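A.B. asks: Take this structure, written in structure tokens, and hold onto it; I'll ask about it next.
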């Protein structure tokens, strides 16, 4: 079940919700067809629930907000971007851990989460097993974007990019 603390972000709401946020904003750029994105979703939702009020969290779907994704220079999913005061301050591409996202946000794990991790209930350093051999990011040339059989897609590079 999606978290109520994760805002849907699109081309129309990006500036108001993300750039206009009075607190740090964690933007998860995702895609419905991306396996690593689906594996990252519960991690992002847990951060949103744990740090509600001190942090705002949103999801931007590449297919539903192509203008914003292009403006941000996103070439792979998942991409997580941290904004403070309307400016990008940090970015991570690919599947990552909760601990790495908290470091990106300059937040420490909550005491309850740290205790659970020590007890083995929520391993901070582990990546969800939902990937089962998939690439950690979906982008040009990644295994997660290849059709069955492993052949590379032959899509042209985005306009304006170097060959």
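Rule-based calculations on the coordinates, nothing more; no lab input. Since the structure is predicted, the reported quantities are computational estimates derived from the model, not experimental observations. Note that we place each Cβ from the backbone using ideal geometry, even for glycine, and neighbour counts take in every protein chain shown.
A.B. asks: Do you know which residues across segment 18-48 are part of a helix (DSSP H, G or I) and in contact with a strand residue (DSSP E or B) (Cβ under 8 Å, 6 or more places away or on another chain)?
C.D. replies: 18, 19, 35, 36, 37, 40, 41, 44, 45, 47, 48
A.B. asks: Out of all the residues in segment 72-86, which are surrounded by fewer than 21 Cβ atoms within 10 Å (Cβ to Cβ), out of contact with any helix residue (DSSP H, G or I) (no Cβ under 8 Å at 6 or more places or on another chain) and in contact (Cβ under 8 Å) with a residue 12 or more places away in the chain?
C.D. replies: Those that are surrounded by fewer than 21 Cβ atoms within 10 Å (Cβ to Cβ), out of contact with any helix residue (DSSP H, G or I) (no Cβ under 8 Å at 6 or more places or on another chain) and in contact (Cβ under 8 Å) with a residue 12 or more places away in the chain: 72, 75, 84.
A.B. asks: Regarding segment 4-18, can at least one residue be identified that is more than 21 Å from residue 138 (Cα to Cα), surrounded by 16 or more Cβ atoms within 10 Å (Cβ to Cβ) and within 12 Å of the chain's Cα centre (by Cα)?
C.D. replies: Yes, segment 4-18 contains a residue that is more than 21 Å from residue 138 (Cα to Cα), surrounded by 16 or more Cβ atoms within 10 Å (Cβ to Cβ) and within 12 Å of the chain's Cα centre (by Cα).
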